[in-house]
There are 2 protein chains.
Amino acid sequence: MWATKNAAREPWVPDGVAVATSEEIERLCGSDGHQGICGEVAPFRYADADALLRLRPEPLLVALDQVQDPQNLGSICRSAECAGFDGVVIPERRSAEVTPAVCKASAGAVEHLPVARVRNLADFLADAKAAGVWCYGADAEGTVPFDRVQWAGGGVVIVLGSEGRGLRPRVAGACDALVSLPIRGRIGSLSVGAAAAVLLYAASAGGEPEIARS
Amino acid sequence: MWATKNAAREPWVPDGVAVATSEEIERLCGSDGHQGICGEVAPFRYADADALLRLRPEPLLVALDQVQDPQNLGSICRSAECAGFDGVVIPERRSAEVTPAVCKASAGAVEHLPVARVRNLADFLADAKAAGVWCYGADAEGTVPFDRVQWAGGGVVIVLGSEGRGLRPRVAGACDALVSLPIRGRIGSLSVGAAAAVLLYAASAGGEPEIARS
């Protein structure tokens, strides 16, 4: 562990930390976004996606279809952790991975929230459905308004696509229902981080049974 | 108006645009975040806060108490425009203003959504209450869960504080009720942009009348 002379004076920094200049810490951690402290940690350990489906009887999960911006991945992980979700599932390819930038954007949420990688997201959604977990895709053209879904009464996977392109057809087709957020203004698109926050909190609040599960 | 040689070929770029290098455009617009086009526009025109309260019988407004990060201001304007809100109110001092960075972060929402500046946010909330508009402050310690508020049936101002510090006491005291979002995880704080998206969509969806207005 390394710290600048100033940071090393903080009471929570252990004795015997190596003192380094700010520039040395920048080089060590590969970012100028540090705050004067740098430590060696083990690589991020991804969770097992099947285990997430069996974590508890009614798991709440988020699946991200090719979200490539680390800020968006981090911000969605932060909202998911706060909303009490059990984990996040991302595809192995064409997705942002859990990097230090994602960890920072998540305000540390990825240290508590399991993140799993899967080879094929549509196949994972099929497994989720087989396990009795409902898959709701976020889609501007979705037929069910988000506030008319009966979220409570079973596990849920909320599936979000990348900003701009949305869900790929095979992923959308693997969902039980496509859920929309009303867009009442003129710019026409909510950010994926904002859409995620609205849907995560709608799902974790339970919702009213106006659209019952059949 | 200036455009790079490549951008000038786009069919929507008017004839007779001045061709410039990417570096010249960077200098003209004061940012390397341009996409090859730059034009002169009038300064941003702020709206009148009192007029926002009288725009329509039940206005939906957002007030931001010293939100200083341009990305957060832009992102909240984007969500507000999408959710069908009528405007955003910010204090004159210690707040991000509407700059090109805010406009970009808002995905252009500030071109459609009125933004007003007020000298004193608590005084504005008193005016809103006098006009029959309900002021709901977002507060982690709030006594009313967000999904138990009867949002429909009157105008609403949603009041959000800066990330980290939250609402100032006088601003919190000027609200009709303090509304909380449940934090079920361990990191303990949702981003202000995510909290805004959840509350804006809860308010614009109307909600269930479990907590009736009295």
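The values are calculated or read from the model by the stated rules, or taken from the named source; none is laboratory data. Being a predicted model, the structure only gives us computed values, none of them experimental. Here Cβ is always computed from backbone atoms with ideal geometry, including for glycine, and neighbour counts include all displayed protein chains. SASA here: full protein model, heavy atoms, side chains in, ligands and nucleic acids out. Shrake-Rupley method; radii C 1.70, N 1.55, O 1.52, S 1.80 Å.
Roughly to the nearest percent, how much of the accessible area of chain A is carbon and sulfur, given a 1.4 Å probe? So the carbon and sulfur contribution to the accessible surface is 48 percent. Solvent-accessible surface, computed for protein heavy atoms with a probe of 1.4 Å, shrinks by 50 Å² or more for the following residues of the stretch B:150-194 when the other protein chains are added to the isolated chain: B:Arg184, B:Arg186, B:Ile187, B:Leu190. Helix B:121-130: angle to the longest alpha-carbon principal axis of chain B, degrees 0 to 90, nearest 10? Helix B:121-130 sits at roughly 60 degrees to that axis. Calculated accessible area for the stretch A:159-203 comes out at 39 Å² per residue, all protein chains present (probe 1.4 Å; ligands, DNA, RNA ignored). Between A:Gly132, A:Gly87, A:Gly185, the GNM of chain A built on Cα springs shorter than 10 angstrom shows A:Gly185 fluctuating the most. Quotient of the Cα radius of gyration of the stretch A:82-214 and 2.2 N^0.38 Å, N being its number of residues: 1.04. Quick check: the angle from helix A:70-82's long axis to the longest principal axis of chain A, C-alpha only, nearest 10 degrees? Once rounded, the angle reads 70 degrees.
Listed by chain and number, the lysines whose alpha-carbon sits under 28 Å from that of B:Lys104, ignoring those within fewer than 8 places in the same chain, are A:Lys104, B:Lys5. A protection proxy built from the mean count of other Cβ atoms within 10 Å ranks the segments B:168-181, B:146-159, B:38-51, B:6-19, most packed first, as B:146-159, B:168-181, B:38-51, B:6-19. Going by the alpha-carbon gyration tensor, a ≥ b ≥ c the square roots of its eigenvalues, is the protein assembly as shown rounded (a/c under 1.5) or, if a/c is not under 1.5, prolate (a/b greater than b/c) versus oblate? Verdict is rounded for the protein assembly as shown. In the full protein context, the stretch B:1-125 carries 54 Å² of accessible surface per residue, based on a 1.4 Å probe and ignoring ligands, DNA and RNA.
Chain A has one residue whose beta-carbon comes closest to the axis relating it to chain B; that residue and its distance in whole Å are A:Ala197, 2. Mean-square fluctuations from a GNM of chain B, with a 10 angstrom spring cutoff on Cα atoms, peak among B:Ala140, B:Ala20, B:Ala128 at B:Ala20. Between the amide H of A:Ala20 and those of A:Ala3, A:Thr4, A:Lys5, distances stay under 5 Å, these residues lying 5 or more places away or on another chain, with hydrogens modeled in the peptide plane. Computed over the alpha-carbon atoms, the stretch B:1-66 gives an Rg to Rh ratio of 1.24, Rh here being the Kirkwood radius from the mean inverse distance. Summing -39500 (n - 2.57) over the DSSP H runs of n ≥ 4 in chain A and dividing by its residue number, what mean residue ellipticity at 222 nm do you reach, to the nearest 500 deg cm²/dmol? Counting only the DSSP helices, I get -8000 deg cm²/dmol. Of the DSSP beta bridges with both residues in chain B, give the percent that are antiparallel, rounding to the nearest 5. Among the beta bridges of chain B, antiparallel pairing accounts for roughly 10 percent. A DSSP coil position with no more than 13 other Cβ atoms inside 10 Å describes the following trypsin sites (Lys or Arg not before Pro) in the stretch A:47-107: A:Arg54, A:Arg93, A:Arg94.
Along the stretch B:185-201 the Karplus relation, 6.51 cos²θ - 1.76 cosθ + 1.60 evaluated at θ = phi - 60°, assigns HN-Hα couplings of x, 9, 7, x, 8, 6, 5, 5, x, 5, 4, 4, 4, 4, 5, 4, 6 Hz to successive residues, with x for each Gly and Pro.
Across the stretch A:12-27, computed HN-Hα scalar couplings (Karplus, 6.51 cos²θ - 1.76 cosθ + 1.60, θ = phi - 60°) run 8, 7, x, 4, x, 5, 6, 7, 9, 7, 4, 5, 5, 5, 4, 5 Hz from first to last residue, x flagging Gly and Pro.
For the stretch A:30-85 versus the stretch B:176-193, the spacing of their alpha-carbon centroids is 19 Å.
Accessible surface buried by the A/B pair amounts to about 2600 Å², both sides summed, 1.4 Å probe. For the residues of B:81-91, the average number of beta carbons from a partner chain within 10 Å of their own beta carbon is 3.
Which shape class, rounded, prolate or oblate, goes with the stretch B:106-175 when its Cα gyration tensor gives a ≥ b ≥ c as root eigenvalues, a/c under 1.5 marks rounded, and past that a/b bigger than b/c marks prolate? Verdict is rounded for the stretch B:106-175. Amide hydrogen proximity for B:Ala177: with H placed 1.01 Å from N in the peptide plane, the residues at 5 or more positions away or on another chain lying under 5 Å are B:Cys135, B:Gly137.
Ranked from shortest, the separations from the 7 Å Cα-to-Cβ label point of B:Glu40 to its equivalents in the other copies are 5.9 nm.
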